[in-house]
1. Quick one: in region 392-408, which of the residues that are farther than 30 Å from Met442 by Cβ and at pLDDT below 95 is nearest to the ligand (Cβ to nearest atom)?
2. Testing Met442 on (1) modelled with pLDDT under 95; (2) more than 30 Å from Tyr146 (Cβ to Cβ), one condition comes back false. Which one is that?
3. Would you mind finding the one in Met411, Met372, Met420 that is within 16 Å of the ligand (Cβ to nearest atom) and not acidic (Asp, Glu)?
4. Would you be able to say whether some residue in region 201-214 is more than 12 Å from the ligand (Cβ to nearest atom) and under 26 Å from Tyr325 (Cβ atoms)?
5. Return a yes/no flag: does region 243-256 have any residue that is surrounded by fewer than 21 Cβ atoms within 10 Å (Cβ to Cβ), within 16 Å of the ligand (Cβ to nearest atom), over 21 Å from Ala300 (Cβ atoms) and among the basic types (Lys, Arg).
6. When you scan region 277-296, do you find a residue that is within 14 Å of Arg354 (Cα to Cα) and acidic (Asp, Glu), even just one?
7. Which members of region 46-103 meet the condition of being within 27 Å of the chain's Cα centre (by Cα), at pLDDT below 90 and outside any helix (DSSP H, G or I)?
8. Could you please find all residues in region 323-340 being surrounded by 19 or more Cβ atoms within 10 Å (Cβ to Cβ) and over 14 Å from Gly265 (Cβ atoms)?
Amino acid sequence: MNQGTANNSSFSFTQSGPFVMVIFGATGDLAVNKLFPALFSMYKSKLLPEKFYVVGFSRRDWDDEQFRKFLNEKHIMDKSNKKEFLDPYLLNELPVDNDELIWKEFIENIYYQKGIFDEPFGYETLIKKLVGFDEEMGACITRIFYLATPPDNYLSILKHLDSTKLAEGCGQGSDKWTRIAIEKPFGRDLDTAKMLDQKLGQIFSEKQVFRIDHYLGKETIQNLLAFRFANSIFEPLWNSEYIDHVQITFAEKEGIKSRGKFFEGTGIMRDVAQNHILQMLAAIAMEQPRSFTREEVRDARANAIKSIRCIDSKAVKQSVVRGQYKSYLQEKDVVSDSKTETFVAMKLMLDNKRFAQVPFYIRAGKKMPGEMMEISVVFKQTCHILFKEYGCPEIGNVLTFRIQPDEGIKMRVITKTPGMKLSLETVDMKFNYKEHVAHKIMDAYEKILLDILSGDQMLFNRSDELESSWQLITNILKGWEDPSVPLFVYDDSSWGPKEAQELIEKDGRKWI
Ligand code: BG6
């Protein structure tokens, strides 16, 4: 297949040269459900260079063909769950046969390396494989090491990348040829995050490191910056004079599925609050970057997270509620007296002028009644000044960013109910991606992979940003070590424990 540059002029990216990507944890959920489908989609859309190699590194005793067979089966399953094959950039619906042919071509670029993460053998054989690719290409090709394993393996993998000199790449000693991509959660708390960062820093230079939070790659999160800073009408209102409070909801319908091993001892706080939720908050709270460049945007994001007031471990009960869904203890790989939280609600305050006294209410949970990731900016109610007797709605203007599903933006305004009498009602003004965008929205992992390939770090975490987020979360986790802090059980398919309602209601507000 002829791979070239994307021919859609509205989409710009830097086409990467040939590369090899080694995926550690290649048979795990993340690799199988996100990374390989994203790579395939990029291949179909001609976003990958003509020549590339992907090596799955895992403990199973397989060769290339067995690994390809495994991916084939997953692909067939995935395909039977999807009715349509949309080429996201060319706007064509691909006929199924064509899709099959492209898959067959794509899979030829996939290789396998058996290895145990904390034993040198696999890494040593990997070197030979990578050298073979360089020889085939007649040049040093970019090496990307993608850590998609459970976080406990990160230090072992880094140690071996270092000791076998794999980290140095084919240029031996030149950091030009290697990149490392590392998934969240980045550490378990502040100390382990710092330790991990220190280890990374000993082996790689900062420009080689891609700390992933795939929420930063979501189209709807990226759009928040454009929405806030490209439209002049919102910025004057974006402060404590006009905003009453902000709500962030991260509700997932499913439980932990087959991820018991990972989730136990991780919990929702480390799994999504420390990263995805705080990034959603940062997108609302950050100041306008001085320019739309990597470090300026990362500075603005990091400053927003730094401005969140730390909650004292002893005061955790007042501002944080944790819960566990009723059937959690029956899930596979979950211990019978597990105290792992599957729900969290928090009230966070920011110590900066813009958001002084503006609470950010956050809730995240598994086994909720529906899928709903959204941010609502609730404006102060002024309706009563003139229209007190005419039925002012309890909540007035709300600007909602729907991150997913049904991606879009909604502005609730108060209007006069049509008719002879004066009475008021609320109406939603909506922008919906489905109606507006003819093609499917780019998957976050495609964007993340594209940026790793082109070496663009804007949408990746910097270590100071992670340190501040861990500082906040570690204090809460410490507070939870006190056995008197309750873990509330909530019904499956409910909005969490009633204490989460009380958290916001005691301030005279309600979840939207
Ligand atoms: C992952 C978490 O980072 O994000 C999962 O580990 C969560 O628990 C997932 O389900 C949500 O991501 P997305 O892209 O499906 O919204």
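The values are calculated or read from the model by the stated rules, or taken from the named source; none is laboratory data. Source: prediction; values computed, not measured. All Cβ positions, glycine included, derive from the backbone under ideal geometry; neighbour counts span all protein chains shown.
1. Ile395
2. (2)
3. Details: Met411 fails: within 16 Å of the ligand (Cβ to nearest atom); Met420 fails: within 16 Å of the ligand (Cβ to nearest atom).
After ruling out the rest, the residue left standing is Met372.
4. No, there is no match, as no residue in region 201-214 is more than 12 Å from the ligand (Cβ to nearest atom) and under 26 Å from Tyr325 (Cβ atoms).
5. Yes, region 243-256 contains at least one residue that is surrounded by fewer than 21 Cβ atoms within 10 Å (Cβ to Cβ), within 16 Å of the ligand (Cβ to nearest atom), over 21 Å from Ala300 (Cβ atoms) and among the basic types (Lys, Arg).
6. Within region 277-296, one or more residues are within 14 Å of Arg354 (Cα to Cα) and acidic (Asp, Glu).
7. Lys82, Lys83, Glu84, Phe85, Leu86, Asp87, Pro88, Tyr89, Leu90, Leu91
8. Those that are surrounded by 19 or more Cβ atoms within 10 Å (Cβ to Cβ) and over 14 Å from Gly265 (Cβ atoms): Gly323, Tyr325.
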